[in-house]
Amino acid sequence: MRAAIFNGVGSPLEIAERPTPLLREGDVLVRVAFCGICGSDLHAAADASMGLAAGAVMGHEFSGEIVESAAPNHPVGERICGIPLQECEDCRPLGACRRGLGMVCPGNKVIGLSNSADGAYAEFVRIGASRAVPLPDNVSLEHGALVEPLAVASHALARIGAVSGVDILIVGAGPIGLAVTMLARASGARSLVVSEPHPGRRGRALRLGATAAIDPSSQELRQAFRAATGASPSMVFECSGVSGMLQHCIDAAAIRASIVVVGVASRPEPIIPASALFKEITLSFALGYDGADFHHVIDLMRKGALDLDGYISRIVSFGELPKTFADMRHANPGAKVLIDPRR
Ligand SMILES: [Zn+2]
Ligand SMILES: [Zn+2]
């Protein structure tokens, strides 16, 4: 099969032949229909500390059709999206981490971001059958590849509690900030203000459900939120990973607000604890998702509750992947770029 091989930090992806994965008991082989290019992939390709070795195949946001099955309840021909988690060898026969830790289990691997679990920048990908989630007939394979990033938002929202009627600040309108915007809109948030310096991304956030968008390079977050809503946010989602943002989130937040960090920041982040103490702020972190988040997102898709086409910026062929990937390291459009390995 053809696969896009990671050749180390600083080298472009290379499309080459790889053996099609062999199935183990309980696995299915999926012909990849669409796979999203994720910020985590761009990050792993640029930052050696992420530990991705040359030879790895990325791609963890995928949909496709089962073409071979070693699991009785998942027939050939089933249209699925994949939860890109591979349990440790002790837990794999159980189909899930025995301690129920999912993404945060240190023994688990993210398919497409690990050296020994190849991902879906390829014609075929192998996953455990319990990680293959069937798509309803009215959900296309294009949209199926969006379930994974939207599930990240579902998980972040689940960490914070009910959002109905709530004033929410979302910092950053990349794919995850946009996903939080879409899901919070579908869950009935009262106001949804997105802070994002890039004008194109602000425009997309407004299309996808933000009630206002502010430019943090020229507006002060706390004042701009108040001007837009007449209130302070009682929920804040930090989706940018930008240094220094956490203190801005605390300063903008209402008394007893909850702040959830979803963005990946790998550098020390100074905050003034007293500024959070005097408001009794709750600060938490959300990583990835679990199966319930996938089912929740698919259910919203089935009901037509999400503007999914507005969340896709482009679909490119497999041959265009190396150049598109390299370009996105400089100018990431914000919404999802999908690859189609069938063409
Ligand atoms: Zn991702
Ligand atoms: Zn485990």
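The values are calculated or read from the model by the stated rules, or taken from the named source; none is laboratory data. Everything numeric in this text was worked out from a predicted model, so none of it was measured. Every residue, glycine among them, receives a Cβ derived from its backbone with ideal geometry; neighbour counts consider all protein chains shown. Each accessible area value is taken on the protein alone, full model and side chains, heavy atoms only, with ligands, DNA and RNA left out. Shrake-Rupley method; radii C 1.70, N 1.55, O 1.52, S 1.80 Å.
Things to note:
- Listed by position, the helices (runs of 4 or more DSSP H) enclosed by segment 253-343 that each have at least 1 residues that are outside the structural domain of Gly119 (by TED's automatic domain parsing) and either modelled with pLDDT under 95 or open to solvent by 80 Å² or more (accessible area, probe 1.4 Å) (or both) are 273-277, 291-302.
- Residues satisfying the stated conditions in segment 85-118, i.e. within 12 Å of ligand 2 (Cβ to nearest atom) and either of a type in the set (Asp, Glu) or under 15 Å from Glu61 (Cα atoms) (or both): Leu85, Gln86, Glu87, Glu89, Asp90, Met103, Lys109
- Being within 16 Å of ligand 1 (Cβ to nearest atom), among the small types (Gly, Ala, Ser), farther than 18 Å from Ala253 by Cβ and over 14 Å from the mean Cα position of the chain (by Cα) is a property that holds for Ser114.
- Residues of segment 1-38 classified as open to solvent by less than 40 Å² (accessible area, probe 1.4 Å), touching a residue at least 60 places away in the same chain (Cβ under 8 Å) and more than 16 Å from ligand 2 (Cβ to nearest atom), total: 16
- Residues in segment 39-74 that are crowded, with 17+ Cβ neighbours inside 10 Å and assigned to a loop (DSSP other than H, G, I, E, B) were compared, and the one that is farthest from ligand 1 (Cβ to nearest atom) is Ala71.
- Flag if Ser243 is in the same structural domain as Gly177 (by TED's automatic domain parsing) and at pLDDT 95 or above: no
- In segment 176-224, the residues that are assigned to a loop (DSSP other than H, G, I, E, B) and of a type in the set (S, T, N, Q): Ser187, Thr211, Ser217, Ser218, Gln219
- From the options Val264, Val297, residue that is within 15 Å of the chain's Cα centre (by Cα) and more than 23 Å from Ala186 (Cβ to Cβ): Val264
- Subset of segment 200-240 (residues that are on the phi > 0 side of the Ramachandran plot and open to solvent by 20 Å² or more (accessible area, probe 1.4 Å)): Gly230
- Residue satisfying all of: in segment 75-102; surrounded by fewer than 17 Cβ atoms within 10 Å (Cβ to Cβ) and closer than 23 Å to Ala53 by Cβ; nearest to ligand 1 (Cβ to nearest atom) among these: Cys88
- Taken as a whole, the structure places Ala173 among residues that are buried (at least 22 other Cβ atoms within 10 Å of the Cβ), at negative phi and part of a loop (DSSP other than H, G, I, E, B).
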